[in-house]
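The values are calculated or read from the model by the stated rules, or taken from the named source; none is laboratory data. All values derive from a computational prediction rather than experimental measurement. Methodologically, a virtual Cβ is constructed for each residue, glycine included, from the backbone with ideal geometry; neighbour enumeration extends over all protein chains shown.
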Amino acid sequence: MKHDFNTIESKWQAKWDEAKLFEAKDFSDKPKYYTLVEFPYPSGHGMHVGHIKAYSGLEVVSRKRRMQGYNVLFPIGFDAFGLPTENSAIKFGVHPRVLTDENIEKFTSQLKRVGFSFDWSRVVDTTEEDYYRWTQWIFCKMFDAGLAFRDKTLVNYCPHCKVVLSNEDSQGGKCDICHNDVVQKSKDVWYLRITQYADKLLQGLDKVDYLPMVRQQQENWIGKSTGAFVNFKIKEVDETLRIYTTRPDTLFGVTFMVIAPEHPLLDTYADRVANMDAVLAYRNECAKKTEFERTQLVKDKTGLKIEGLTAVHPITGKEIPVFISDYVMMGYGTGAIMAVPAHDGRDYDFAKKFGIDIIPVIEGGDIETEAYTGDGNMINSDFLNGLTDKKSAIARMLEELAKLGVGEAGVQFKMKDWAFNRQRYWGEPIPIVHCPTCGMVHIPYEELPLRLPKVENFEPGEGGESPLAKIESFVNCKCPKCGGDAKRETDTMPQWAGSSWYFLRYIDPNNTMSLADEAKLKYWLPVDWYNGGMEHVTRHMIYSRFWHKFLYDLGVVPCDEPYAKRTAQGLILGANGVKMSKSLGNVVDSNDVVDSYGADVLRTYVLFMGDYEQAAPWSDSSVKGCKRFIERFAALTDMLTETVSPELEASLHRTIKKVTDDIESMKFNTAIAAMMALINEIYAAGGIDKASLMTLAKLLCPFAPHICEEVWAELGGNGFCSAAEWPVCDESKTKVSSVEIAVQISGKLKGKIVIPAEATEDEAFAAVMADETLGALLASKQIIKKIYVKGRLFNVVAK
RNA sequence: GCCGGUGUGAUGGAAUGGCAGACGUGACGGACUCAAAAUCCGUUGGUAGCGAUACCGUGUGGGUUCAAGUCCCACCACCGGCACCA
């Protein structure tokens, strides 16, 4: 058979559609399996081969699971709110709704051409009212629970995109969208109190099966540290300065205190500070720096002593000077630290610069040259002296602090609350009304969704306010509580909102009564296997786990972790080895590959090109290898034999085992290589019997389903190959009668012999000695040791 | 700075401590062809040799072992995450 992909691919896609072959059944006697891939953002550029690789992994798993008798939910949708669409809308003067619909249509046709076995009856689009109604519903629930709140604060603002960015979206001081510098700006901002779930998000990682790298990145992001809070009295006024430290064991080494420039102590006691002018000047200087600049100046410490406020050591009663410096952040801990220069690098740098005492309290290291952060015997530390390790010193100190009532154990997280608003049009409107009498009130649940109004001009205002602020009919409204005149919130939600719960909507996409039916959620959840990009591990994944845990606490979802397993695929790089991008012109469009080689070849190649989890460059010439493979497979229908040799049958069963196992560990490249090797063997044997070829078609079907259906039909198979039963390896048939083993003499490879597979050590050794060259080599030597690894090698240690 | 990952032919990449380089690309040779493409068959880590063969070879340097790409110790390079986080 010829590989006529143009005809057969559309033919089988139509037949699958007609048979509703890939539609998941709610409730079924079969075991359920929920495979999830990250839904795409439908940009105007269409899909490149990287998208195809991202979906092909779980596509193969899903198809295999169905053949193994599972009821599989493998859905797809579109994460369609977002800035690029809005920017194109501004550029071309077309409404984002229109652009979004066009792009979704383009993406859908591209995905369908590849023959993915998505359940197309469950498509969700985050920009549809039926969908964002429930995104708003969840927001209102969070508002009711006190988890959504508004606060005036310094924010990361991108002057180019005219949006406020979360810390996550402005890493390295650059806007995540346009990569320009962000600046600090004071603004009223919506926050979601994700920090309240920090511990749960961390502990939940114990219950799930994430790639170790994914888990580690989430742990880093949450950034839990354990330590202690300690209260230092201020000598001059009736006030305590509360600090957080991870090293309470070094409390006797404190020689100064440092507070952040924004610390409220300065405002409260401004009149007691002798050098307040200088302090204020320093504070202003710091305010001008961006967060990025502040964290960049690692080496050179700045700051000054606050004259007139002195701390008192809670145990020794010694007086300790207080400094202000921007190496202490207001946003972490209490915004104040106890400085132990002998055992902390930053404190050491500061003490050296300002000539402050450095008192070692742990033996080891040389404080003349640098801070010592290692373990050792406690010294200069009163009741801690003689203790030899950090752990017991900390425990003893915490005991003492509790006794004196001046401190206690505590934990801190690096994770900050989630800045949850954007001043743009193409997003979910935040369903809140600002009422002069009632304050902030959310729109009643039964009145959701709060629809995005039609506007003509999507440009944000100069002050960075949302385009919605210009629509009087939208802004002016009545308070849902008191009925008085009120104003609507005009900010919209960030793009992460819609993607935080989409996997729930797939379970029941048309429900008008709730975000999804309870029984269906109970049936399908959790997602059994979620695959996506590494770039979404710390943002999307943490956000959606947070929402899910919140919904669990509300009783809406039946489990507290949404994703049982998470893996990540590597990027496809351009042919030049760098990331694909439009500006570099190295993007490979999936349609172009399907046009020239067909979907089966594209699908096979993206999985064959390398380790699924590693990045690999696209190669036009390498695609040909997969093309030849598919063609050689198709041509097997013209090479049918009546019988099959035991050797070939053994290879077939070994291939069944290899492919079955490799799919589970995402080693798609070696699974395909095994099938290629089998086909090479069939060619060498001159052909194969029909039954074996049908088995091979089933094995290849998850990878290259169209040609497998065609071959299956040609051979007279019942129904669809895609619906056939997954082959099982018969171990007894993989046994071969004789094997070639390597022979080493003293660990060096000296030859090979063919012996019965089940030969004993003595039989194998006899065969070695019987071999002409090997026997001659060993004849004059004294044999010290014999090592026989069945089926592998025989090593004779001799001298 | 801390944490993680990676390092193998010309090239993408394979190898439960057991024959390094599976499978694919490329290159070379052959068959078919007037010819080319396609296809099929074969060769292809390096050095020396006509050859059998010998020696070398998985980022670097040590070590464990009958046997190391794989395990241990020290280091180098690149990639990713976190980062004056107290």
### Message
Among the residues of the range A:202-218, what is the count of those that are in contact with a strand residue (DSSP E or B) (Cβ under 9 Å, 6 or more places away or on another chain), in contact (Cβ under 8 Å) with a residue 40 or more places away in the chain and more than 17 Å from A:G570 (Cα to Cα)?
### Response
3
## Note on the structure
The condition from (1) over 42 Å from the mean Cα position of the chain (by Cα); (2) closer than 17 Å to A:F252 by Cα; (3) at pLDDT below 90 that A:D389 misses is numbered (1)
### Task
Hey, can you tell me all the residues within the range A:126-149 that are among the β-branched types (V, I, T) and not in a helix (DSSP H, G or I)?
A:T126, A:T127
### Matching residues in the range A:576-590 - criterion: being of a type in the set (A, V, I, L, M, F, W, C) and in a loop (DSSP other than H, G, I, E, B)
A:V578, A:M580, A:V587, A:V588
### Task
Considering each of A:K224, A:K301, A:K305, A:K235 in turn, give the residue that is within 12 Å of RNA strand B (Cβ to nearest atom), farther than 26 Å from A:G376 by Cα and surrounded by fewer than 21 Cβ atoms within 10 Å (Cβ to Cβ).
A:K301
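Per-residue answers, yes or no, for (1) farther than 25 Å from A:A54 by Cα; (2) within 10 Å of RNA strand B (Cβ to nearest atom); (3) surrounded by fewer than 23 Cβ atoms within 10 Å (Cβ to Cβ):
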position	(1), (2), (3)
A:G598	no, no, no
A:C626	no, yes, no
A:L640	yes, no, yes
A:K667	no, yes, yes
#### Entry: Any helices (runs of 4 or more DSSP H) falling wholly within the range A:445-528 and containing at least 3 residues that are without any contact (Cβ under 8 Å) to a residue 24 or more places away in the chain
A:472-475
### Selected residue (only one of A:A770, A:A764, A:A742 is within 11 Å of RNA strand B (Cβ to nearest atom) and among the small types (G, A, S))
A:A742
### Task
Go through (1) touching a helix residue (DSSP H, G or I) at 6+ places or on another chain (Cβ under 9 Å); (2) without any contact (Cβ under 8 Å) to a residue 24 or more places away in the chain; (3) of a type outside the set (A, V, I, L, M) and name the single condition A:S651 misses.
(2)
### Query
Out of all the residues in the range A:331-340, is one or more more than 26 Å from A:V411 (Cβ to Cβ) and within 11 Å of RNA strand B (Cβ to nearest atom)?
no
### Task
Please note which strands (runs of 3 or more DSSP E) are completely contained in the range A:292-400 and include at least 3 residues that are in contact with a His (Cβ under 9 Å, 6 or more places away or on another chain).
A:319-324
#### Entry: Index of the failed condition, A:R424 passing every other in (1) touching a residue at least 60 places away in the same chain (Cβ under 8 Å); (2) part of a helix (DSSP H, G or I); (3) among the charged types (D, E, K, R)
(2)
